[in-house]
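These notes are about the structure you will find just below.
Values in this text are rule-based calculations from the coordinates and carry no lab data. The structure displayed is predicted, hence computed values, not measured ones. Cβ sites come from the backbone with ideal geometry, for glycine too, and all protein chains shown count toward neighbours.
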Amino acid sequence: MTTRKSLRKSRTSADASSDVLVEVAYAFGSHCGTGFTDAVAFADIGGQYLVHPVGRHVSFRHIGSGETSYVIESAQVQLVTACAISRNRSLVAVAERCASRPLSQITLYNLRVTSASPERQPTRTLQDLGLVGIVGALGFSADAESSLLVLASRAPELMLAVVDWRKNHVVGRCKLLDQVDRVALSPLEDGVVSASGSSSLRLWTLPDEKAAEDGGEGGSPLAAEGADEVDLPEDELVALPQPLGLAEASSMFTDHAWIDPADGSLVACTEEGPVHIILAKTGAEPDLLRTIAMPFIPSGEVPRSVCCFPGGFVLGGDSATLSLWEQQNLDPDDEIIDPQVAARALEHIRTAVVAPSQHAGAAVCCVDVVCPGEDHSDRIAIGLSDRSIGHMKL
């Protein structure tokens, strides 16, 4: 790290350090390739800024000028453990491990920079996380206010919780059997929660509204530390069965993302290579709509990451490879398209190696896409397993 120092006044070497002001000029320490699912993303809908954690700070970089600014975390923050960007790019949630109690917290920042508010300011900090523990995965709901935050903690707590972050209370929670690295809420906004890790893809629905109301206004407060056990049936997430067609299969899941536009289906990537399109809606058993046996045509790369955009998705694979899939031959006048038809309409467009030769052995471990709406302006941001970060036009 390059620093710039200034001393307010002369001191002896014994006490001068307390008056050294250090401003971060550049920071090293990308989280790409460390199991961090959203190690880089676009901070705005126009795709002009990248946001990514570096060590215990968060960096914002303008892709045109290269100008970089940093959110300087408080002194008690030791490490950023997870990040999530809201669907409308107005908020970023940053999970942090702290040196003193509370040992874990989540800080939310407003990404809407205006002339009246030129700095990205903390909107709220959630500190009373109780038995949740160190958060390893985060995701926002798709409503206009991004009102819900789903989070999953690492071992030993292994808790999954859905929180109304503005009211600081739990809408639903459950104990996980294994650690997960991706969590999400269905953009259909029907209360379906998804989580995937190396050993499983799990689905739940939020408790019904009456159960949530019985636990307090819109849910229950986060559990206090020191409790002997978690026994909260009123806000327990309702587990859904394994998708029909996947129940017998044993897969290791690398990532998943919900289809856009929302129709209740998601894309699930596996270590074995195939990609599954799964339908998961409230009131029905999850169903396997389609399996894409070779998503990186013509090569057999393993899909490590996925990001959906309107009408398609991008897969990140080994050897710095991307694979683009889009829906073809659908009637543009159809306002409602059957999810089965939409899944079958997905066609492979292109597979490409997207990094210079010195990064050829690195996997694309995270990928993000923004579609500003102008022709040929869609952009992709990628994070590689060698901790490199890149961006390009779709």
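Could you sort 174-185, 345-356, 101-112, 49-60 so that the peptide with the highest average Cβ count within 10 Å comes first and the rest follow in order?
Result, highest mean Cβ count within 10 Å first: 49-60, 174-185, 101-112, 345-356.
Could you pull the Cα extents of segment 64-202 along its three principal axes, largest to smallest, in whole Å?
On the principal axes, segment 64-202 reaches 46, 38, 31 Å in Cα extent.
What FRET efficiency comes out for Leu103 versus Ser199 if R0 is 30 angstrom and r is the Cβ-Cβ distance? Round to the nearest 0.05.
The value I calculate is 0.70.
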